[in-house]
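A.B. asks: Quick one: this structure, given as structure tokens, is what I'll be asking you about.
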Amino acid sequence: GKLDELARALNDADSTMKKLTVEQQDLNRQIEETENALSQLGKSKISLSTLLADTKSLADAEARDRASLMSKFKSLRTDCENLKMRIDDEAEKKNDTLRLLSKAQADIQLWKSKYEVEALARIDELEGSKAKLCNRVAEAEETVESINTKVSATEKTKHRLEAELEDMELEYERTHAAAVITEKRARNFDKVVGEWKCKADDLMSELEACNSECRNYSAEVYRL
């Protein structure tokens, strides 16, 4: 009886040992799989950390580019406002020139009438002066016509500059809207801003040329 019990106990112990062995192998396999998973998670964490750092760096760079573009836009808007003020000054100078032309024409008519009245008493004496005055009147009329033509050209130039300014503002608004949608391409607008700046500089040069012409016209009128 005891031998049978001992045999059964040995069989049970052997069976239990085999089960434990199987369970241990299964646990070892699970531990190995867990370690592999942890290794992969560690690599993924490093990769995600690098990607996060790169994304943050890119976002910071884009923020700096946006701030730079906004600063350049404000500077360009200031330049445009200054250019509009210059155009207004040009218009005022044109009105002053027209007033000077009107005064010159009135003075010419006054001197013409004066010499014609005095000629009734001194026809022989004033005949030569009258001829000279008629020549001056003809020259003055030609000068007035020339100045009127130049003033008209200046007015057309002013309208063209105003139209170009409006086009520049519309172009900037379209470009700015595109920049909001495609923020990652903000750096490319430096070239566009540079082209606007060059256009603004060209307009400033043309405006300075117009101012110079107006000063020359004013000088011509004063000489009359």
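The values are calculated or read from the model by the stated rules, or taken from the named source; none is laboratory data. On a predicted model such as this, the values are computed, not experimentally measured, just so you know. Note that each Cβ is placed from the backbone with ideal geometry, even for glycine, and that neighbours are counted across all protein chains shown. With ligands, DNA and RNA removed, areas are computed over all heavy atoms of the protein, side chains included. Shrake-Rupley method; radii C 1.70, N 1.55, O 1.52, S 1.80 Å.
A.B. asks: Compute the semi-axes of the equivalent ellipsoid of segment 1-103, taking the square root of 5 times each eigenvalue of the Cα gyration tensor, and list them largest first in whole Å.
C.D. replies: With the √(5λ) rule applied to segment 1-103, the semi-axes are 97, 9, 5 Å.
A.B. asks: Run the accessible area of segment 32-72 with a 1.4 Å probe and give the carbon-and-sulfur part as a rounded percent.
C.D. replies: 62 percent
A.B. asks: Could I ask something else about it? Say a paramagnetic label sat at a point 7 Å from the Cα of SER102, along Cα to Cβ; which residues of segment 147-164 have their backbone N under 19 Å from it?
C.D. replies: It comes to 147-152, 155, nothing else.
A.B. asks: Under the 0.36 nm per residue contour assumption, what length would be gained going from the current alpha-carbon distance of ALA91 and ASP12 to full extension?
C.D. replies: 17.0 nm
A.B. asks: Give me the accessible area per residue for segment 19-97, probe 1.4 Å, as a whole number in Å².
C.D. replies: Value returned for segment 19-97: 76 Å² of accessible area per residue.
A.B. asks: So, one more: Could you pull out the pairs from LYS112/LYS150; LYS74/LYS150; LYS84/LYS197; LYS93/LYS197 whose alpha carbons sit more than 24 Å apart here?
C.D. replies: Pairs exceeding 24 Å: LYS112/LYS150; LYS74/LYS150; LYS93/LYS197.
A.B. asks: On to the next question. In nanometres, what is the gap between the two model label sites at ALA163 and ALA219, each 7 Å from Cα along Cα-to-Cβ?
C.D. replies: Roughly 3.1 nm, to one decimal.
A.B. asks: May I ask you to rank ILE108, ILE147, ILE31, ILE181 by accessible area, largest first, using a 1.4 Å probe over the protein chains only?
C.D. replies: Ranked list, largest accessible area first: ILE181, ILE31, ILE108, ILE147.
A.B. asks: Please give the charge dipole size of segment 4-93, origin at the Cα centre, charges +1 on K and R Cβ atoms and -1 on D and E Cβ atoms. Round to the nearest 20 debye.
C.D. replies: 600 debye
A.B. asks: How about LYS132: which aspartates and glutamates have a C-alpha closer than 13 Å to its C-alpha, ignoring those fewer than 8 places off in the same chain?
C.D. replies: Output for LYS132: GLU116.
A.B. asks: Using a basic spin-label model with each label point 7 Å from the Cα along Cα→Cβ, how many nm lie between SER75 and ASP26?
C.D. replies: Distance between label points: 7.4 nm.
A.B. asks: Find how much the distance from LYS19 to GLU33 grows on full extension, using 0.36 nm per residue of separation minus their present alpha carbon separation; answer in nm with one decimal.
C.D. replies: My answer for the length gained is 2.9 nm.
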